[in-house]
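These notes are about the structure you will find just below.
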2 protein chains.
Amino acid sequence: MRHLLLTATAIAAIALPAQAQDRAATNRIIDEGLNRSQVMVTAQHLTDVIGPRMTNSPAMRKAEGWTQAKFSEWGLKNVHKEGFPFGRGWSIERSSVRMVTPRVVQLTAIPVAWTPATNGAITAPVVVAPIERERDFAKYRGQLSGKIVMITQPEPARDGTEPDFKRLTGDDIGKLDQYRQPTYDPASADRRMKRLDYAKKLDAFLKSEGAVAVASMSYRDGKLIHGEGYLFGVGETPSLPQVQIAQEDYLRLARLAKIGPAPTLEIVSDVRFDDSDANAYNIIAEIPGTDPKAGYVMAGAHLDSWVAGDGATDNGAGSAMIMEAARIIAASGIRPKRTIRFALWSGEEQGILGSMAYVEQHLAHRGPAGSEDAKGGNGMQRYYGYTDRWPITPKAGYGDLAAYFNIDNGSGKLRGLYAEGNPAVVPIFREWLAPYASMGAGNVVIRPTGGTDHVFMQSVGVPGFQFIQDPLDYGSRTHHSSIDTFDHLKAEDMRQASTVLAGVLVSAANAKDPLPRMPLPTKPVVTDPFAYSQDDD
Amino acid sequence: MRHLLLTATAIAAIALPAQAQDRAATNRIIDEGLNRSQVMVTAQHLTDVIGPRMTNSPAMRKAEGWTQAKFSEWGLKNVHKEGFPFGRGWSIERSSVRMVTPRVVQLTAIPVAWTPATNGAITAPVVVAPIERERDFAKYRGQLSGKIVMITQPEPARDGTEPDFKRLTGDDIGKLDQYRQPTYDPASADRRMKRLDYAKKLDAFLKSEGAVAVASMSYRDGKLIHGEGYLFGVGETPSLPQVQIAQEDYLRLARLAKIGPAPTLEIVSDVRFDDSDANAYNIIAEIPGTDPKAGYVMAGAHLDSWVAGDGATDNGAGSAMIMEAARIIAASGIRPKRTIRFALWSGEEQGILGSMAYVEQHLAHRGPAGSEDAKGGNGMQRYYGYTDRWPITPKAGYGDLAAYFNIDNGSGKLRGLYAEGNPAVVPIFREWLAPYASMGAGNVVIRPTGGTDHVFMQSVGVPGFQFIQDPLDYGSRTHHSSIDTFDHLKAEDMRQASTVLAGVLVSAANAKDPLPRMPLPTKPVVTDPFAYSQDDD
């Protein structure tokens, strides 16, 4: 009830600018978005036809070309790609992991991203060696030679006592609308850097001990596998092949190893590197504004994905919604005041690197004057160190970006907007969303969100936002997993989302004023002495 | 509350026989079952070490030997196996299904049981041909040559809006205690026979059309696979290799085929037949009774399993509980009045054939006097025709079996007993279970259950029962699936179940009278004119 009351009050308070907007445009958008939708055709091409789009992989290159062609076909302008240094391309041609003694079982497993090929089959006994930090090395020294090392602690997942598939209730949404004061953990970036450093030290240790391959355990049960890997930089490739094994299969291996003798695995990991271009590319397209001095609004989603599924909910869905919103606005013949820019990011899964590059290229420099941009770092170092660079120095285009909207939470319909800790935008968002409230998208909540392509914009004081989305089975099952496939996308949700997104973008592009910003961030000083940091990335 | 009241009343009404029992035995059973349990060690050997135990497979042969050795080691008597005609042995050595055009994807798939090997790799385009009945043949004639035929209608599963993992509430159990009058569908056996016949006709049609392999779709999503097949009889082996493909992978193939050109699959199905012995074997063991004229009580579980997982919840769990109950009673030094016989059945997954053979060998003949036993049929024909044979003629041992208890519903703890439509046993069961009510096992409900090894005993009028069990994730995920592995077993539940089972068996063996039976069944005549039969088995 509190929400309804606030909504009514807020709308009344800013009724004049609302009436000034082109209400007919709203209905043209809804007509195009719901009656002539292309969003599932787009999503199917990205997922079924092109498949998983790991950054710099051959499939991602195809997607970079195809999405530009589509934007152009739909009449978007200034369609181009913007490169940034990334690392190696990598793809899976064939893989097989079998237990061959004490009995034969075809296991469910996937090569870990950016690990090297086995060059044929590696057949060796396993050893369970859950080496979690550098001081564990001593414990396992001398025991790993000729072995496939199982590096994950063999603990099963908890039982699934919640439904896999879920839509948000009003109560759920209400809980998101509670302001939280910011906290700052000065040591967090440091710890993350050490963690990354550890992955390299572990690989060197295992290699020096004569281990022949590495096996880790999937973090979801039910035979879901994921295969994330982060040593993608040129010169960073680990020396040992590594597979991630389904939880049920990994746990069986660990139990049999405990009984003894240790089971023998046969691993075939036929993976391919592609070093033809170490740059990754963001795709940019625009609907030009009628007022060249009014700046631009922007919507983005990362086009890259992991490789176990087809990158459908993460983030073919978001990419298709962004593209569809562009198509809807273009097809509706709307000429907005501000330019509307669309971005399909790359390198998000490896540290939000595409939108970080955009910030560096267009918005602000982080770090002492004259210091190298974060993009000078290698691999994920860029990501972990980035928000610890001070001060922030705006670039020429800093003031032009009036609002950025990100989509990266699966295929669920939009339920409203996160104000992302910026209370001044709440009444404005309520007004923009009012036409879409009857589609379930009328909610505005204060909660900040993280982990995707709006965060580095937020981190330099540019207003970046995400939509509230129905979770469906995104967090429970599809996120990064082997079932992130087109059949887990919800067509009706995706049509609604593309339509609402288009509507919000047009409202933002036509708004009298740019969105109110937070002050330019400076290094925080308020730390929480009661918080025990559990930052484990 | 109604339950509690009834329980108290019932106990009061039959208090005398209860007091006559050896209460000390109950506490010795609980001590042995909970403080010195071996049930998880047994279960691990059956699942991790021996693995899936498909009827007549090499692993099932190992299990037949190991379980007899264990029974003997624990002091059981008359340990032996009893053979019955079954069919071929079959096992998987290696399998791989990849989509190789329009792009490369390693799919999740399993050879369908008792289908032939590919002898190397079969590489061919797919065709979606959901041929569901004989009259569909004409539609696809001339289109299948050289193709891998996708025979399942490509429809996705419904979203999982219930938790995977569940325990029964009091309300859930209350709903099971509602008497339902029996109904009879005289045409059901006929339809099932036709369905089985259809599988053979379909194989012949596909072969004659020049198809090279068959692909079906898994009936669960989330990359779970199962691979059941029923043409296990000697001379019944289908002519075409067949794989069951995970739902996400199958649906992607179907969608790509619709866009065209049809994807190409590479199938490797390295499976092995073992025809060294066409008999399957039930394993029998006993704790002899002190009164040779008192007959026997019996508990059983099927030892055989499907092959996608390790046959843990179906039915390594039940087998281990049966074995553990035997061990507990033997170790407790209890000398029951009646003999307690333990059975580990074979061929359950292919039509409850092991316990059917037991009925034929020990209890009753079904069909006209002098007619061949059902076991004379081949494969699943035995199963489908069995309960349609009239009259029932008791054999010499018919009256000796005082009660049969079956376990086949996963690893969940026992919550009580199904009276299986036999109201006269309700007060007796309540009394037997009273010591275990505080462990959650005090419930008695009238509902009949089906689908496993007590049904053919019931069908000839012998009192056969099952326990109520907490469902856990048995029905939702593990039943027949690729995650039917040891890590999905619950140790505390299995200790409780083995202990309660042992206690109930001792009560049944010591009871003054055999359990009240239903009258000898005759051919039913009451059919339900309002019931539209949906028997699709």
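The values are calculated or read from the model by the stated rules, or taken from the named source; none is laboratory data. Owing to the predicted nature of the structure, the values given are computational and were not obtained by experimental measurement. Quick reminder, even Gly has a Cβ in these numbers, built from the backbone with ideal geometry, and neighbours come from all protein chains shown. The protein model used for the area step is the full one, side chains on, heavy atoms only, and it has no ligands, DNA or RNA in it. Shrake-Rupley method; radii C 1.70, N 1.55, O 1.52, S 1.80 Å.
Tabulated data for the structure shown
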item	result
Residue that is nearest to residue B:59 (Cα to Cα), among those in the range B:74-130 that are within 11 Å of chain A (Cβ to nearest Cβ) and charged (D, E, K, R)	B:93
Hey, residue B:389 under 24 Å from residue B:169 (Cβ atoms) and either at pLDDT below 95 or crowded, with 24+ Cβ neighbours inside 10 Å (or both) or not	no
Cβ pairs under 6 Å, 6+ apart, first in the range A:438-453 and within 11 Å of residue A:466 (Cβ to Cβ) and modelled with pLDDT of 95 or more, second open to solvent by 40 Å² or more (accessible area, probe 1.4 Å) and hydroxyl-bearing (Ser, Thr, Tyr)	none
Any hit, the range A:206-226, residues being assigned to a helix (DSSP H, G or I), over 27 Å from residue A:484 (Cβ atoms) and touching a residue at least 60 places away in the same chain (Cβ under 8 Å)	yes
Test: residue in the range B:360-368 that is closer than 30 Å to residue B:41 by Cα, of a type outside the set (Lys, Arg) and not assigned by TED's automatic domain parsing to the domain that holds residue B:198	no
Strands (runs of 3 or more DSSP E) fully within the range B:90-150 counting 1 or more residues that are open to solvent by 30 Å² or more (accessible area, probe 1.4 Å), of a type outside the set (Asp, Glu) and in the same structural domain as residue B:209 (by TED's automatic domain parsing)	B:105-107, B:121-128
Every residue from the range B:62-71 that is of a type outside the set (Phe, Trp, Tyr), touching a residue at least 40 places away in the same chain (Cβ under 8 Å) and more than 14 Å from every other protein chain (Cβ to nearest Cβ)	B:64, B:67, B:68, B:70
Checking residue A:172 against (1) in a loop (DSSP other than H, G, I, E, B); (2) more than 14 Å from chain B (Cβ to nearest Cβ), the condition it does not meet	(1)
Some residue of the range A:485-498 being among the hydrophobic types (A, V, I, L, M, F, W, C) and within 27 Å of residue A:364 (Cα to Cα)	no
Subset of the range A:410-434 that is more than 23 Å from residue A:182 (Cα to Cα) and part of a loop (DSSP other than H, G, I, E, B) - its residue that is nearest to the chain's Cα centre (by Cα)	A:410
Filter result for residue B:346 (in contact with a Gly (Cβ under 7 Å, 6 or more places away or on another chain) and surrounded by 24 or more Cβ atoms within 10 Å (Cβ to Cβ))	yes
Any hit, the range A:445-453, residues being over 30 Å from residue B:108 (Cα atoms), away from chain B (no Cβ under 14 Å) and more than 19 Å from the chain's Cα centre (by Cα)	yes
Test result for residue B:487, open to solvent by less than 10 Å² (accessible area, probe 1.4 Å) and either in the same structural domain as residue B:302 (by TED's automatic domain parsing) or in a loop (DSSP other than H, G, I, E, B) (or both)	no
Cβ pairs under 6 Å, 6+ apart, first in the range A:149-166 and more than 7 Å from chain B (Cβ to nearest Cβ), second modelled with pLDDT under 95	A:151/A:131
Residue within the range A:454-476 that is in contact with a Pro (Cβ under 8 Å, 6 or more places away or on another chain), more than 22 Å from residue A:410 (Cβ to Cβ) and in a helix (DSSP H, G or I) present	yes
Options A:437, A:403: the member that is outside the structural domain of residue A:357 (by TED's automatic domain parsing) and either under 18 Å from residue A:176 (Cβ atoms) or part of a strand (DSSP E or B) (or both)	A:437
Some residue of the range B:54-63 being surrounded by fewer than 23 Cβ atoms within 10 Å (Cβ to Cβ) and not in a helix (DSSP H, G or I)	no
In the range B:67-89, the residues that are surrounded by 17 or more Cβ atoms within 10 Å (Cβ to Cβ) and in a helix (DSSP H, G or I)	B:67, B:68, B:70, B:71
The one condition in (1) within 26 Å of residue B:240 (Cα to Cα); (2) of a type in the set (Asp, Glu); (3) more than 26 Å from the chain's Cα centre (by Cα) that residue B:73 fails to fulfil	(1)
Scan of the range A:100-114 for residues that are touching an Asp or Glu at 6+ places or on another chain (Cβ under 8 Å) and over 27 Å from residue A:348 (Cα atoms), ordered by number	A:100, A:104, A:105, A:107
Pick from the range A:461-500, criterion touching a Lys or Arg at 6+ places or on another chain (Cβ under 7 Å) and away from every other protein chain (no Cβ under 14 Å), ranking: farthest from residue A:36 (Cα to Cα)	A:461
Of all residues making up the range B:208-237, the number that are open to solvent by 20 Å² or more (accessible area, probe 1.4 Å), more than 23 Å from the chain's Cα centre (by Cα) and within 23 Å of residue B:91 (Cα to Cα)	2
